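First up is the structure itself, then whatever we jot down about it.
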Amino acid sequence: MARLRLGVLLIVASWLPVAQLVISVAHRHGRLTSQAASDRTRLIIWGVQWVVGFVGLWLAGRIAAESARADGWRRLPGNVWRLLRNGDARAA
């Protein structure tokens, strides 16, 4: 279940406002002096976050699809929550 937890962690990490923090710190230290440099930095960071999010979706989605095939789509949210919490989808 480490893959599921890692996938969820990557999805959450892809939504963190890393670009704004990096740009703010870089401006404060004088490393970014123009709007074009800030925009370029923002696009690079967003691109990396996009890839990280899709890798997380791939990891978590694979486990979720297997669970949905085994128990059906209606039980998927509960099964995924149990998998995240204790690693066993069958436990009540």
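Values quoted throughout were computed directly from the atomic coordinates according to the rules given, and no laboratory measurement underlies them. What you see is a predicted model; the values in this text were computed from it and never measured. Methodologically, a virtual Cβ is constructed for each residue, glycine included, from the backbone with ideal geometry; neighbour enumeration extends over all protein chains shown.
Here Kirkwood radius over Cα pairs in Å was calculated from the structure, and among [x] 21.6; [y] 12.9; [z] 15.1 it sits at label [z]. State which stretch of the chain is the longest one without any exposed trypsin sites (Lys or Arg not before Pro), exposure meaning a DSSP loop state and at most 16 other Cβ atoms within 10 Å. Looking at the chain, 32-89 is the longest stretch - no exposed trypsin sites (Lys or Arg not before Pro) with at most 16 other Cβ atoms within 10 Å.
Can you tell me the dipole magnitude for the chain around its Cα centre, using point charges on the Cβ only (Lys, Arg +1; Asp, Glu -1), in Debye to the nearest 20? Please list the in-between numbers first.
On the way: 13 positive and 4 negative charges, 29 e Å.
Magnitude of the dipole: close to 140 debye.
Its relative contact order, with pairs defined as Cα atoms under 8 Å and 6+ residues apart, puts the chain at 41 percent. Label-to-label distance, Ala70 versus Trp46, with points set 7 angstrom from Cα along the beta-carbon direction: 3.9 nm. Per residue of the chain, the DSSP helices (runs of n ≥ 4 H) give a summed -39500 (n - 2.57) that works out to -26500 deg cm²/dmol at 222 nm.
Axis angle, to the nearest 10 degrees, between helix 76-86 and the longest C-alpha principal axis of the chain: 80 degrees.
Projecting the Cα atoms of Ser38, Trp15, Val48 onto the dipole axis of the chain, where Lys and Arg carry +1 and Asp and Glu carry -1 at the beta carbon, places Trp15 farthest toward the positive end.
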